[in-house]
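Okay, so here's the structure we're looking at.
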Amino acid sequence: MKPHVSRSLSSLSAWVFGLATSVLLISIWGRAVVVDADELSSNLRPISQSEEVSGRFTDWMAQQLVESGIPEEQAESAAEVSVTLPTVENAIGNLVEDVVLAAASPDPGPRAVDVSGALAPAVPDVTRAVVAAGVPVTEEQVGAVVSGLDPLVIRQPGEPPVIGQASPVAGKLAVATVVALAAQVVFGSIYVLLGENRLNAAKTLFTRFALGGISFAVLLKLGSWVADPEGGRAPVSQSISLVADSKWALPAVLGVGAGVAAVFFWMARISSTRAGTKPAAIQAEATPSRVSAAKRRAG
């Protein structure tokens, strides 16, 4: 193979190996996040305190009170007070977690969330808050409104899970992982075979992978802080921060493992270099003595 063709192919192989490394790290981390429904539901729980979710609950509560014969102004005031109650916040958080778990369930049947069951523990506190806002209602009336809520349908029969082990997203990320790993093996092998020193070439590839894995882990931790630097002040940002922070150790472990392999190839290269230079040094020391002996015999 011509030298310039070999150099071009070697550069191309190194570039594809780096690209495959990025895809591999992202797909492995993404799949680890998607399939862990329990941790994902916990990370998304802060969304329950966002304006979007609490606003929907406030509108629903006000509408139910108006339909019960309460004046609209009083109903809106009572709903705004109710949504700030700790028991209500906890109930809505449980609903968010139930929605995520229902979306991840591998059961092919219909998946729904029992809204009335989730809100039932908050009925006494809601009743007191509504009465304090000047709305004459009883706990039985509020309980009747809550118990009449329809289940929240998350998936229709036959629909695949949105997230989780059996979800299409997890399957696509698994395929991306396999393809990226195969590309690493193929183009990494080409790079090593074309290298003048194969041990050094292998060390270079493992070093790149190590730096890529550790850098990705650092970016996840840094991104987690950037998304929520004040630690929970913004619910949506807090959830994004928690998702970014989850499974960050996975690329770090892969990077450290590749770093250990790089050190191994580095030591192997040093050993082979020393083994290769020792005979040459001995030969260089022996040559003058042979020449001197020949001169003495000629003299």
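The values are calculated or read from the model by the stated rules, or taken from the named source; none is laboratory data. Owing to the predicted nature of the structure, the values given are computational and were not obtained by experimental measurement. All Cβ positions, glycine included, derive from the backbone under ideal geometry; neighbour counts span all protein chains shown.
Taken over region 82-117, the criterion of being outside any helix (DSSP H, G or I), in contact with a strand residue (DSSP E or B) (Cβ under 7 Å, 6 or more places away or on another chain) and of a type in the set (Gly, Ala, Ser) is satisfied by Ser105, Ala112.
Of the residues making up region 141-187, those that are part of a helix (DSSP H, G or I), small (Gly, Ala, Ser) and within 26 Å of the chain's Cα centre (by Cα) are Ala170, Gly171, Ala174, Ala176, Ala180, Ala182, Ala183.
One line per residue, one yes/no per condition, for (1) within 27 Å of the chain's Cα centre (by Cα); (2) at pLDDT 90 or above; (3) part of a helix (DSSP H, G or I):
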{"site": "Lys203", "(1), (2), (3)": "no, yes, yes"}
{"site": "Ile214", "(1), (2), (3)": "yes, yes, yes"}
{"site": "Val226", "(1), (2), (3)": "yes, no, yes"}
{"site": "Gly231", "(1), (2), (3)": "yes, no, no"}
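Tell me which residues, restricted to region 2-57, are modelled with pLDDT under 85, of a type in the set (Ser, Thr, Tyr) and more than 29 Å from Ile190 (Cα to Cα). Answer for region 2-57, where residues must be modelled with pLDDT under 85, of a type in the set (Ser, Thr, Tyr) and more than 29 Å from Ile190 (Cα to Cα): Ser48, Ser50, Ser54. The set of residues in region 243-285 that are more than 30 Å from Ser224 (Cβ to Cβ), at pLDDT 80 or above and among the aliphatic types (A, V, I, L, M) comprises Met267, Ala268, Ile270. On the given criteria, is Leu173 of a type outside the set (D, E, K, R) and assigned by TED's automatic domain parsing to the domain that holds Val260? No; evaluated as a whole, the condition is false for this residue. In this structure, does Ala78 turn out to be over 30 Å from the mean Cα position of the chain (by Cα) and either closer than 30 Å to Val186 by Cα or part of a helix (DSSP H, G or I) (or both)? When the stated conditions are applied, Ala78 passes them.
Against the numbered list (1) among the β-branched types (Val, Ile, Thr); (2) farther than 22 Å from Asp98 by Cα; (3) touching a residue at least 24 places away in the same chain (Cβ under 8 Å), Val146 comes up short only at (2).
Residue selection: Thr84 satisfies the criterion of being surrounded by fewer than 14 Cβ atoms within 10 Å (Cβ to Cβ), closer than 17 Å to Val126 by Cα and hydroxyl-bearing (Ser, Thr, Tyr). Only residues that are within 19 Å of Gln74 (Cα to Cα) and crowded, with 19+ Cβ neighbours inside 10 Å were counted across region 110-132, and they come to 5.
Cβ-Cβ contacts under 7 Å between residues 6 or more apart (or on different chains), taken from a first residue in region 60-73 that is outside any helix (DSSP H, G or I) to a second residue that is polar (S, T, N, Q), are listed as Ser68/Gln141.
Would you call Leu119 assigned by TED's automatic domain parsing to the domain that holds Ile47 and closer than 30 Å to Ala166 by Cβ? Yes; evaluated as a whole, the condition is true for this residue. Inside region 156-196, residues that are in contact with a helix residue (DSSP H, G or I) (Cβ under 7 Å, 6 or more places away or on another chain) and surrounded by 14 or more Cβ atoms within 10 Å (Cβ to Cβ) make up a count of 23.
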